[in-house]
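For reference, the structure is listed below as structure tokens.
The values are calculated or read from the model by the stated rules, or taken from the named source; none is laboratory data. These numbers were taken from a predicted model, which means no experiment stands behind them. Cβ coordinates were reconstructed from backbone atoms using ideal geometry, including for glycine residues, and neighbour counts include every protein chain displayed.
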Amino acid sequence: MSGRWYRADLVVVVVALATVSACGTLSERRDGVTAEVTRFEQALHAAQHERLCAALAPATREELEQSAKSRCEQAIGEQELPAAGAVRGVAVYGDQAQVVLEHDTVFLAHFPAGWKVTAAGCRPRPQRPYQCEIKGG
């Protein structure tokens with residue numbers, strides 16, 4: 001009987017350790033997400049369309065090109081993305097993230113090459129999904 005309790009306690013300890021070690025990882029992931037959004041916003045402000053396109057997730061870039069019927073660099077220049085302002089909050093959920101800025105909300109996903117923007121120019125709508133200028137399919 002005590003053997004079963006010992007194994008259950010061991011599982012609890014292992015889960016607790018994994019959770020604690022993930023906290024450091026979560027902080028690093030938040031920092032990575034914030035850095036990526038900052039680079040995206042700097043490229044937007046400088047009208048560096050190639051950098052903006054490189055920051056997009058593959059499906060988001062594809063959706064933008066298909067809907068605009070032009071290359072990403074031209075299509076992204078035609079989007080009405082707001083000057084986002086300062087970061088107000090960052091939430092990371094595994095390989096997904098949301099960054100709330102003063103005038104924008106940006107969604108990201110983690111890929112082998114790092115964090116990529118899946119949606120930008122997003123505005124919340126009560127009781128409905130966000131309305132985004134740029135989004136993946």
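Just for segment 91-107: of the residues that are β-branched (Val, Ile, Thr) and out of contact with any Asp or Glu (no Cβ under 9 Å at 6 or more places or on another chain), which one is surrounded by the most Cβ atoms within 10 Å (Cβ to Cβ)?
Ranking the candidates gives Val92 first.
Restricting attention to segment 68-78, does a residue exist that is loosely packed, with under 15 Cβ neighbours inside 10 Å, in contact (Cβ under 8 Å) with a residue 12 or more places away in the chain and hydrophobic (A, V, I, L, M, F, W, C)?
No: zero hits.
Do you know which residues across segment 73-90 are touching a strand residue (DSSP E or B) at 6+ places or on another chain (Cβ under 8 Å) and in a helix (DSSP H, G or I)?
Passing the criteria: only Ile76.
Please work out which one of (1) of a type outside the set (D, E, K, R); (2) modelled with pLDDT under 95; (3) surrounded by fewer than 15 Cβ atoms within 10 Å (Cβ to Cβ); (4) under 18 Å from Tyr130 (Cβ atoms) is the condition Ala86 fails and give its number.
Ala86 satisfies all of (1) of a type outside the set (D, E, K, R); (2) modelled with pLDDT under 95; (3) surrounded by fewer than 15 Cβ atoms within 10 Å (Cβ to Cβ); (4) under 18 Å from Tyr130 (Cβ atoms) except (4).
Go through Ala68, Ala84, Ala97, Ala43 for me and flag whichever is within 11 Å of the chain's Cα centre (by Cα) and of a type in the set (A, V, I, L, M).
Result of the check over Ala68, Ala84, Ala97, Ala43: Ala97.
Report the residue count in segment 39-61 for those that are out of contact with any helix residue (DSSP H, G or I) (no Cβ under 9 Å at 6 or more places or on another chain), part of a helix (DSSP H, G or I) and modelled with pLDDT of 95 or more.
Going through segment 39-61 one residue at a time, the tally reaches 3.
Looking at (1) of a type in the set (S, T, N, Q); (2) over 15 Å from Ala55 (Cα atoms); (3) in contact (Cβ under 8 Å) with a residue 40 or more places away in the chain, find the lone condition where Thr105 falls short.
Here Thr105 meets the rest and fails (3).
Out of the residues in segment 108-128 that are more than 10 Å from Val37 (Cβ to Cβ) and in contact with a Ser or Thr (Cβ under 9 Å, 6 or more places away or on another chain), state the one that is surrounded by the fewest Cβ atoms within 10 Å (Cβ to Cβ).
Pro124
Report, by residue number, each residue of segment 62-72 that is at pLDDT 95 or above and in a helix (DSSP H, G or I).
Residues satisfying the conditions are Glu62, Glu63, Leu64, Glu65, Gln66, Cys72.
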